[in-house]
Amino acid sequence: MKQGSIYFLAIICAGLTIGCGNNNNNNATKDTNKNSGVVFDSIAMKKIIDEKTNKFTQAHITKDTAYLNHIFTQDAKAYPPNSDVVTGRVAISAVNSEWVNYGIKEFSEKSTSFYGNEDYLIDEGQYYLCYGENDIIDKGKYINIWKKENGDWKIYSNIWNTSLPAAPTK
């Protein structure tokens, strides 16, 4: 009897472990909202966000501040490295101008994890940046939270920071 209980308990634990998968992955799926019957297609959403991300990175290179300033929601927040939180599209536009004036030559973001629902999409990944007269290289990680504003997906929250070691102090 004791062995049977242990065997039964092991089967239950294995079932729970297999059944409780990790939602934080790059495997986009179609999810149905049971309350509305609407199918949320995260595969299609990832394609949309990938396109917007490509335009976002290219806009930094081409100094397209008009695009950069309108890719953020009105109430967006940016978390630049070594800085306080920047809140609102108007304040973020000043940060955008500052960044493009560094002379960005290369900028790419590679998504490593994508998930969300019809309200928010989260894109986590790594970035590569080359800028300035001396071709300064930066590599790091980012998280972009996307939110629909007036029917269009825009960045609601943006955080990025370097993965490179800090420069030695003198």
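Anything in segment 144-170 that is on the phi < 0 side of the Ramachandran plot and more than 19 Å from the chain's Cα centre (by Cα)? List them, or say none. Give the derivation first.
Start the filter on segment 144-170 by keeping residues that are on the phi < 0 side of the Ramachandran plot, which leaves 144-149, 152-170.
Once the filter is applied, which keeps residues that are on the phi < 0 side of the Ramachandran plot and more than 19 Å from the chain's Cα centre (by Cα), segment 144-170 yields L164, P165, A166, A167, P168, T169, K170.
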Discussion item. Please go through segment 95-118 and give me each residue that is modelled with pLDDT of 95 or more and charged (D, E, K, R), ordered by number.
Written reply: K105, E106, E109, K110
Response to the item:
Y115: passes all of (1) free of Cβ contacts under 8 Å to residues at least 40 places away in the same chain; (2) in a strand (DSSP E or B) but (1)
Practice prompt. Tally the residues that are exposed (fewer than 13 other Cβ atoms within 10 Å of the Cβ) and assigned to a loop (DSSP other than H, G, I, E, B), restricting the search to segment 60-84.
Written response: 4
Discussion item. Give all pairs with beta carbons closer than 7 Å in which a residue from segment 65-93 that is free of Cβ contacts under 8 Å to residues at least 24 places away in the same chain meets a residue that is part of a helix (DSSP H, G or I); count only pairs at least 6 apart in sequence or on separate chains.
Written reply: Y67/K55; Y67/A59; V86/I92; V86/V95; R89/N69
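Quick check: anything in segment 129-148 among the aromatic types (F, W, Y), crowded, with 18+ Cβ neighbours inside 10 Å and farther than 18 Å from S111 by Cα? I'd like the intermediate steps shown before the answer.
Taking segment 129-148 and keeping what is among the aromatic types (F, W, Y), we get 131, 142, 146.
Next cut, crowded, with 18+ Cβ neighbours inside 10 Å only: 131, 142, 146.
Of the ones still in play, those that are also farther than 18 Å from S111 by Cα are 131.
Yes: one or more hits.
Assess whether I137 counts as being part of a strand (DSSP E or B), hydrophobic (A, V, I, L, M, F, W, C) and within 28 Å of F40 (Cα to Cα). It would help to see each step written out before you state the result.
On the way: part of a strand (DSSP E or B): yes; hydrophobic (A, V, I, L, M, F, W, C): yes; within 28 Å of F40 (Cα to Cα): no.
The answer is no for I137.
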Worksheet entry | Failed condition for K147, given (1) part of a strand (DSSP E or B); (2) touching a Gly at 6+ places or on another chain (Cβ under 8 Å) | (2)
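The values are calculated or read from the model by the stated rules, or taken from the named source; none is laboratory data. Note that the structure is a prediction, hence the values are computed from the model and not measured. With ideal geometry, Cβ positions are generated from the backbone for all residues, glycine too; neighbour counts draw on all protein chains shown.
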